[in-house]
Amino acid sequence: MATYIVLLGPPGVGKGTQARILSEKTGLAHISSGDLFRENLKNETELGQLAKSYMDRGELVPDDVTIRMIRARLSRPDCETGAILDGFPRTPAQATALEKMLVDFNGEVNAVPYITADEAILVERTSGRWTCRAHGHIYHEKFNPPKKAGICDVDGSEVYQREDDKAETVTKRIRVYLEQTMPLVDYYRNAGKLIELDGSQAVEDVTKVLQEALAR
Ligand code: ADP
Ligand code: ADP
């Protein structure tokens, strides 16, 4: 059976940061829906053009195209043993679609770490976030700056501030999260899969608690 872990939590709480660390430790592929959309934007694909208008407004990209994109990504060989999903599902319809598609991939959602923090922390984290142009490596101007200003430690590409990380769009994204994604907390709690974590601690502390919880 393949293993699938879904990371749930508001924008900027640290899902991508933890997913990357977990992926290195477990060997499971890290699948970030936001990164996939940004890759499509960069490559100017049709999907990228469609997604852009929604992303710029801080709204969710429609379920059908998002689900199709994730299904295609999970079909690739590096996901044969499973994946860490970061940013998907984000709506009840996406969660139902995921459940169905994982049957085809010989697996199911095994655990759902749910990371939380106060809104002030989310705003502070997103407003200082720097993202690597080439592969989406994540930095923070204060909490986790690259060794050389403006340059990704891993691949040497430029780091940039996401257009949708400006304060007013972040506020909108948090609202969208509360309205459309919060129902998934109960959905996974009722399924006995939710693992609640305090995301306001330092990166290493969140990692430690997350790993201990997953080991149980
Ligand atoms: P964050 O780092 O705040 O969690 P992401 O990088 O995951 O943000 O997402 C950025 C944007 O990409 C979202 O605001 C939304 O427009 C789009 N997006 C990402 N994942 C999804 C999804 N599962 N469903 C719909 N839209 C999504
Ligand atoms: P998400 O994927 O949930 O939107 P990210 O992992 O991209 O969140 O993190 C958002 C920002 O906060 C990034 O700049 C990242 O470096 C920083 N960050 C992540 N986790 C922590 C933490 N525990 N403490 C301080 N800063 C953090």
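Residue separation of E99 and K142 scaled by 0.36 nm, minus their Cα-Cα distance, works out to 11.7 nm of gained length.
Over region 11-131, what portion of Cα pair distances is larger than 17 Å, expressed as a whole percent?
Of the Cα pairs, 60 percent sit more than 17 Å apart.
Over the C-alpha trace of region 1-81, radius of gyration and Dmax come out as 13.5, 39 angstrom. Farthest toward the positive end of the dipole of the chain, out of L36, T66, A120, is the Cα of L36, where the dipole comes from beta carbon charges about the Cα centre. Which values of log₁₀ I(q)/I(0), to two decimal places, follow from the Debye formula for the chain at q = 0.12, 0.15, 0.19 Å⁻¹ with a uniform point scatterer at every Cα? Values, matching the q order: -0.60, -1.00, -1.76. One quarter of the surface of the convex hull around the alpha-carbon atoms of region 90-169 equals 7.6 nm², the direction-averaged projected area. Using the Cα coordinates of region 123-216, the gyration tensor eigenvalues translate into equivalent-ellipsoid semi-axes of 28, 20, 11 Å, sorted from longest to shortest.
Highest mean first, the peptides 1-7, 190-196 sorted by other C-beta atoms within 10 Å per residue fall in the order 1-7, 190-196. Taking other Cβ atoms within 10 Å as a rough exposure proxy, M69, M101, M182, M55 sort from fewest to most as M182, M101, M69, M55.
At a Cβ-Cβ separation cutoff of 4.7 angstrom, cysteine residues of the chain with no neighbouring cysteine are C79. Separation of region 81-111 from region 154-216 is 17 Å, based on Cα centroids. Computed packing ranks the peptides 24-32, 197-205, 110-118 as 110-118, 24-32, 197-205, most packed first, by mean other Cβ atoms within 10 Å. Think of each Lys and Arg Cβ as +1 and each Asp and Glu Cβ as -1; about the Cα centre, that makes the dipole of the chain roughly 140 debye.
Largest first and in whole Å, the equivalent-ellipsoid semi-axes of region 57-126 read 25, 15, 11, each the square root of five times a Cα gyration tensor eigenvalue.
In this structure, the amide hydrogen of D153, modeled 1.01 Å from its nitrogen in the peptide plane, lies closer than 5 angstrom to those of K147, counting only residues at least 5 positions away or on a different chain.
Bear in mind that the values in this text are calculations on the coordinates, not laboratory data. Just so it is clear, the model here is predicted, and its values are computed rather than measured. Ideal geometry is used to build each Cβ from the backbone, glycine not excepted, and the neighbour counts take in all protein chains shown.
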